[in-house]
1. What single numbered condition from (1) assigned to a helix (DSSP H, G or I); (2) surrounded by fewer than 19 Cβ atoms within 10 Å (Cβ to Cβ); (3) modelled with pLDDT under 90 fails to hold for His9?
2. What are the pairs with Cβ atoms under 8 angstrom where one residue, in region 14-25, is farther than 18 Å from Phe56 by Cα and without any contact (Cβ under 8 Å) to a residue 24 or more places away in the chain and the other, located anywhere, is assigned to a helix (DSSP H, G or I) and open to solvent by 20 Å² or more (accessible area, probe 1.4 Å)? Sequence gap at least six, or different chains.
3. Out of (1) under 20 Å from Cys147 (Cβ atoms); (2) hydrophobic (A, V, I, L, M, F, W, C); (3) part of a helix (DSSP H, G or I), the odd one out for Leu37 is which?
4. Out of (1) under 20 Å from Asn143 (Cα atoms); (2) among the aromatic types (Phe, Trp, Tyr); (3) within 16 Å of the chain's Cα centre (by Cα), the odd one out for Tyr85 is which?
5. Quickly run through region 48-65 and pick out the residues that are over 17 Å from the mean Cα position of the chain (by Cα) and open to solvent by 20 Å² or more (accessible area, probe 1.4 Å).
Amino acid sequence: MSRITEFIHGARDIVPMIVGAIPFGIIFGTLAAGAGLSAWQTLGMSLLVFAGSSQFIAITLLSGGAGAAVVLLTTFVVNLRHALYSATLQPFVRHLPTRWRMPLAFWLTDEAFAVVQHRYAEKDDSPHKHWYFFGAALAMYLNWQLCTLVGVLFGQAVPNLAAWGLDFAMLATFIGIVVPMLRNKPQVAAALVAGAVALACQGLPYKLGLMAAALCGIAVGVVLERRYRLDLIREDISCKPGA
């Protein structure tokens, strides 16, 4: 496919994720304004940070009087999952020049990763798959800026918007991201363990429960994946004639 076609397809395929992120972005704009951030500060955070969960955590900590070091450390821990995303996509983008890899790294989000990794997993030999990445990531970025602006401008006009339960749309989006990626028993086990640990550790400060859940899920997934591959190798050997 051509560059433009890849770009358009990327923007098209991320639309379901954008729908889930719309209320999330509006709520952020509303809460940030209510927490004392000016309109420009709120818009600047979305422009320069572009990490929904970290932005919510940051305004919660700032409104509670937390210092800059606590805010930076907490958001750093929460965003460590992006290192896993980057490591997964690195083999597909390492040939690109820095002018491509830098903005794609900045625009990499949970939603973009979910869409883009499916495209890279396809067996066609298109040399323009990074344009698909670009289209998906840019569409999500522009949507987040627009929704933040809507929240800043009109959120305060709607009483108690955060209590409407609109954030459930983002939960549904994440479920939609994870479930199709669970293709074998180790992956299912990793997801179940991570979910259980997240629930058990939700009371930990600074969202450390999320990191504990990620580490436990990774550990279980790695161990079981190795056993799973060994079992497949043994089955393959046992099925060969004369084995």
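The values are calculated or read from the model by the stated rules, or taken from the named source; none is laboratory data. Computed from a predicted model, the values in this text were never measured in an experiment. Cβ coordinates were reconstructed from backbone atoms using ideal geometry, including for glycine residues, and neighbour counts include every protein chain displayed. For accessibility, only protein heavy atoms count, side chains too; no ligands or nucleic acids. Shrake-Rupley method; radii C 1.70, N 1.55, O 1.52, S 1.80 Å.
1. Every condition holds for His9 apart from (3).
2. Pairs that qualify, where the first residue is farther than 18 Å from Phe56 by Cα and without any contact (Cβ under 8 Å) to a residue 24 or more places away in the chain and the partner is assigned to a helix (DSSP H, G or I) and open to solvent by 20 Å² or more (accessible area, probe 1.4 Å): there are none.
3. Condition (3) is where Leu37 drops out.
4. It fails just one condition, (1).
5. Across region 48-65, the qualifying residues are Thr60, Leu61, Leu62, Ser63, Gly64, Gly65.
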